[in-house]
Amino acid sequence: MDTVKGFAERIFQNVERVIVGKRNAVELLLVALLCQGHVLLEDVPGTGKTVLAKSIARSIGGSFKRIQFTPDLLPSDVTGVSIFNQQSHEFEFRQGPVFAQIVLADEINRATPKTQSALLEAMDERQITVDGVTYALPAPFIVLATQNPIEYEGTFPLPEAQLDRFLLRLRLGYPERLDEIAILRRQRQAHPLESLPTVAQIDELLTLQAAIKEVYVDDLVEEYIIALVTATRHHEEIYLGASTRGALALYRTAQAWAAIRGQTFVTPDEVKALAGAVLGHRIIVSPAARIRSVTAAVVIEEILNAVPVPGARAGRRFDRAGAAVSR
């Protein structure tokens with residue numbers, strides 16, 4: 001997995017020329033790229049959500065389009081529309097902004113549920129259907145959606161079906177004091193995004209997306225993932241637990257997280273590190289728990305502390321790749 005690790009380091013170093021002090025968030029976003037997953041960036045305005053999305057797109061040389069979600073946005077404004085050509089006397093399909101490799105859905109919760117649902121098929125099947133005709137989206141296809149968790153007036157909360165299609169939910173947060181000073185100095189003359197180079201190619205990313213699936217996951221780690229997901233469904237503070245899609249997301253992201261560190265196998269540490277970002281938006285805390293200010297993050301932390309971490313089986317040995325071998 002040295003190839004994946006080298007690819008990751010190139011992206012990290014390039015993006016950190018623009019995004020200062022957010023290594024963990026950049027790593028998680030790269031995990032989503034390697035897993036072909038979508039990301040929900042939830043934070044207050046001005047923390048760098050849009051800049052992060054643009055930096056990733058430039059780093060891999062992918063096509064980038066931004067959709068500004070507003071209450072009057074129509075589904076056809078996202079997917080595209082068929083227009084009658086008077087010369088050919090036929091309908092022609094005009095592609096919408098969703099036809100890009102990196103799509104930034106800015107303030108997605110400001111659009112109506114009807115418009116939000118226009119992304120469901122695209123996010124899940126990487127295709128759209130307009131007037132009964134199905135059109136494939138470019139590969140890779142990644143949706144980076146942003147929303148402001150503070151403003152609720154004039155917004156439409158994302159339905160659970162759509163939240164479940166996001167591989168990860170990230171929060172950038174405010175930068176540390178020294179990092180913020182560095183940001184001021186870097187932008188004294190010009191924004192570093194303007195001169196950010198491309199350090200990877202789309203073909204390389206597609207190859208590595210297939211490579212991470214070869215990262216070994218022992219059946220004990222698989223059982224640990226299922227135990228965590230099952231615990232969310234039976235926790236007394238949770239009204240709705242994580243779905244099977246959540247278990248698959250935790251499995252795949254753990255493979256990518258291990259790969260960018262040069263590992264050829266997954267350990268429980270990777271699973272624990274990703275549980276909050278993968279499962280946090282997939283569970284609904286009960287109303288009684290919300291009154292007591294219990295959050296999804298708190299519940300997931302309780303579950304991680306309660307579910308036993310698997311160890312090596314007695315009588316089993318592992319080779320350097322992490323695969324079990326017979327005695």
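The values are calculated or read from the model by the stated rules, or taken from the named source; none is laboratory data. Model, not experiment: these values are computed from the prediction. In this analysis, Cβ positions are derived from the backbone assuming ideal geometry, glycine residues included, and neighbour counts consider all displayed protein chains.
Numbers below:
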{"item": "Subset tally (residues that are touching a helix residue (DSSP H, G or I) at 6+ places or on another chain (Cβ under 6 Å) and either surrounded by fewer than 20 Cβ atoms within 10 Å (Cβ to Cβ) or assigned to a loop (DSSP other than H, G, I, E, B) (or both)) for the range 18-35", "result": "5"}
{"item": "Sole residue being assigned to a loop (DSSP other than H, G, I, E, B), under 23 Å from Asp203 (Cα atoms) and out of contact with any Lys or Arg (no Cβ under 8 Å at 6 or more places or on another chain), chosen from Gly6, Gly62", "result": "Gly62"}
{"item": "Gly62 being among the small types (Gly, Ala, Ser) and in contact (Cβ under 8 Å) with a residue 24 or more places away in the chain", "result": "yes"}
{"item": "Odd one out for Lys54, checked against (1) surrounded by fewer than 22 Cβ atoms within 10 Å (Cβ to Cβ); (2) modelled with pLDDT of 85 or more; (3) over 22 Å from Leu137 (Cβ atoms)", "result": "(3)"}
{"item": "Residue ID - surrounded by the most Cβ atoms within 10 Å (Cβ to Cβ), chosen from residues in the range 163-174 that are at pLDDT 85 or above and touching a helix residue (DSSP H, G or I) at 6+ places or on another chain (Cβ under 7 Å)", "result": "Leu167"}
{"item": "Test: residue in the range 89-106 that is part of a helix (DSSP H, G or I), assigned by TED's automatic domain parsing to the domain that holds Leu73, within 20 Å of the chain's Cα centre (by Cα) and more than 11 Å from Val78 (Cβ to Cβ)", "result": "no"}
{"item": "Any hit, the range 28-43, residues being farther than 19 Å from Pro175 by Cβ and polar (S, T, N, Q)", "result": "yes"}
{"item": "Lys54 in contact with a strand residue (DSSP E or B) (Cβ under 6 Å, 6 or more places away or on another chain) and basic (Lys, Arg)", "result": "no"}
{"item": "Residue list for the range 230-273, restricted to those being more than 25 Å from Ala210 (Cα to Cα) and either out of contact with any His (no Cβ under 8 Å at 6 or more places or on another chain) or part of a helix (DSSP H, G or I) (or both)", "result": "Thr230, Ala231, Thr232, Arg233, His234, His235, Glu236, Glu237, Ile238, Tyr239, Leu240, Ala242"}
{"item": "Qualifying position, being surrounded by fewer than 16 Cβ atoms within 10 Å (Cβ to Cβ), farther than 25 Å from Lys49 by Cβ and among the aliphatic types (A, V, I, L, M), among Ala210, Ala258", "result": "Ala210"}
{"item": "Qualifying positions in the range 299-316 - surrounded by 11 or more Cβ atoms within 10 Å (Cβ to Cβ) and either in contact with a helix residue (DSSP H, G or I) (Cβ under 6 Å, 6 or more places away or on another chain) or at pLDDT below 90 (or both)", "result": "Ile300, Ile303, Leu304, Val307, Val309, Pro310, Ala312, Arg313, Arg316"}
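Per-residue answers, yes or no, for (1) at pLDDT below 90; (2) assigned to a strand (DSSP E or B); (3) more than 27 Å from Arg282 (Cβ to Cβ); (4) of a type in the set (A, V, I, L, M):
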| residue | (1), (2), (3), (4) |
| --- | --- |
| Ala139 | yes, no, no, yes |
| Pro149 | yes, no, no, no |
| Ala161 | yes, no, no, yes |
| Ala190 | yes, no, yes, yes |
| Ala200 | yes, no, yes, yes |
| Leu205 | no, no, no, yes |
| Ile212 | no, no, no, yes |
| Leu220 | no, no, no, yes |
| Ala227 | no, no, no, yes |
